[in-house]
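Computed from the coordinates by the stated procedures, all read-outs in this text should not be read as laboratory data. Just so it is clear, the structure is predicted and the values come from calculations on it, not from any experiment. All Cβ positions, glycine included, derive from the backbone under ideal geometry; neighbour counts span all protein chains shown.
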Amino acid sequence: MSDDHTPVADEEPEDRPDPDLNPASMPPRGDLGPMLDEPPGPINWNLLTADDAEAAWLELNQWVNWLRATYGLPASVIPPMWHRHPELHWELSALHTHWLCAYDPQQNGSAPIGWHRDFADARQRLRDWVAACGTRLDRDRPTRQTVWPGEDDAEPIEDTPITDRDEDFVAFVIADVERRRQTEEDFYASLDPDTGEIT
């Protein structure tokens, strides 16, 4: 006589997947992180708190690295110092959000081809931004600003050699997070402790 347990009709084998399992509750897959419960909304970088900005920078950086490697993009489309150029990080952030929405498991099956169509447009805009700002594979410079009549003259623009891109990204994010944190602290310090109004 065998010790094997034969499941009765109402019993599910332990290794059978739960048909009601929500894919969004599963552990992260690969380098792209977990699937989301719902497609994300756009990110307004001007309004992020220090903690939200840190998470958003790290996630965007991870995705941009995946994007450039997956599609073999040259530095004329995504340069190493994209994070130091707002015109590039806003464009890449929008493209990332669009990608997350297009590949959401509840999205229409034709959404990925729509993303690729928009990706072609975004690549051309990225080329234009990179050409205009002058950042390159081995050197970077701040984006030129047009001085309007009555404004102070712009500081001279100089190229900075790129020696360690990842180290620069970490330093950039730390500085951005600290700036945001200081702004938050200054705001809370300006509140009346009794009324909560700005003094």
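Peptide packing: for 55-62, 41-48, the average count of neighbouring Cβ atoms within 10 Å per residue gives the ranking 55-62, 41-48, highest mean first.
With Cα atoms as the point set, region 48-136 shows a radius of gyration and Dmax of 13.4, 40 Å. Modelled label positions at R181 and E158, each set 7 Å beyond Cα in the direction of Cβ, lie 3.0 nm from each other. Relative contact order of region 48-136, taken over Cα pairs closer than 8 Å and 6 or more residues apart, is 36 percent.
At 7 Å along Cα-to-Cβ for each site, give me the label-to-label distance between A131 and A94 in nm. Simple spin-label model gives 1.9 nm for this pair.
As a length-normalised measure over Cα pairs under 8 Å and 6 or more apart, the relative contact order of region 113-172 settles at 25 percent. Packing-based ranking of 172-185, 77-90 yields 77-90, 172-185, ordered from highest to lowest mean Cβ neighbour count within 10 Å.
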